[in-house]
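Have a look at the structure below before the remarks.
Laboratory data are not the source of any read-out in this text; all were calculated from the coordinates shown. Only a predicted model underlies this, so the values are computations on that prediction, with no experimental measurement involved. We place every Cβ from the backbone using ideal geometry, glycine too, and count neighbours over all the protein chains shown.
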Amino acid sequence: MDKSKRIKKDAKLLKSFIVAYCRVKHGSDGKSLCHDCRALLEYALKRDEKCPLDPKPKCKDCKIHCYKPEMRDKIKDVMKFSGIYYIKRGRIDYLFHYFF
């Protein structure tokens, strides 16, 4: 998969996970994000675009961590919460994405 397709796919997944997290945890309407979640999304997208590794590994498997520790903790919380959230709602495609 070429880099621009991977970035678009990752951006779509990140945005959906952060929107679900923000809607449930922060009471957003699902169309707009709170300030913290918007900042996290922008930060994560920048990190994804600037990844020096090719092919890019999953961040959880990466040997070099480009996230600041506090942002890494936030994105872990979002991914854990949203992954479970979507799987409970029948989104098996996210489970497939997690393992492959």
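May I ask you to derive the FRET efficiency for Lys5 and Tyr85 from their Cβ-Cβ distance with R0 = 22 Å, giving the value to the nearest 0.05?
Given R0 = 22 Å and the Cβ-Cβ separation, E is 0.30.
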For Lys46, counting only aspartates and glutamates whose alpha-carbon sits under 12 Å away and dropping same-chain residues fewer than eight positions off, the answer is Asp10
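Where does the chain land at 222 nm, in deg cm²/dmol rounded to the nearest 500, when only DSSP H runs of n ≥ 4 count, each adding -39500 (n - 2.57), divided by all residues?
Working: 4 runs with 67 residues, N = 100.
After summing the helix terms and dividing by residue count, I get -22500 deg cm²/dmol.
Would you mind working out the magnitude of the charge dipole of region 1-42 relative to its Cα centre, with +1 at each Lys and Arg C-beta and -1 at each Asp and Glu C-beta, to the nearest 20 Debye?
Values: 11 positive and 5 negative charges, 51 e Å.
That gives region 1-42 a dipole magnitude of about 240 debye.
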In a Gaussian network model over the chain where Cα atoms closer than 10 Å are linked, find which of Arg72, Arg89, Arg23 has the largest mean-square fluctuation. Arg89
Across Lys8/Lys80; Lys3/Lys25; Lys3/Lys76; Lys3/Lys63; Lys9/Lys76, pairs whose alpha-carbon gap is larger than 29 Å: Lys3/Lys25
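Would you order Asp48, Asp61, Asp36 from fewest to most other beta-carbon atoms within 10 Å of each residue's own beta-carbon? Could you put the intermediate results ahead of the total?
On the way: Asp48 16, Asp61 6, Asp36 13.
Fewest-to-most Cβ neighbours within 10 Å comes out as Asp61, Asp36, Asp48.
When His35, His26 are ordered from fewest to most other Cβ atoms inside 10 Å of their Cβ, what list results?
Details: His35 8, His26 12.
Lowest to highest Cβ neighbour count: His35, His26.
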If contacts are Cα pairs under 8 angstrom and at least 6 residues apart, what is the relative contact order of region 3-99 in percent? 29
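If neighbour count is taken as other Cβ atoms inside 10 Å, put Glu49, Glu70 in order from fewest to most.
Working: Glu49 12, Glu70 8.
The most exposed by this proxy come first: Glu70, Glu49.
Would you tally the net charge around Ser28, using a Cβ to Cβ cut-off of less than 12 Å, leaving Ser28 out, and scoring K and R as +1, D and E as -1?
Within the 12 Å Cβ shell, the charges total +2.
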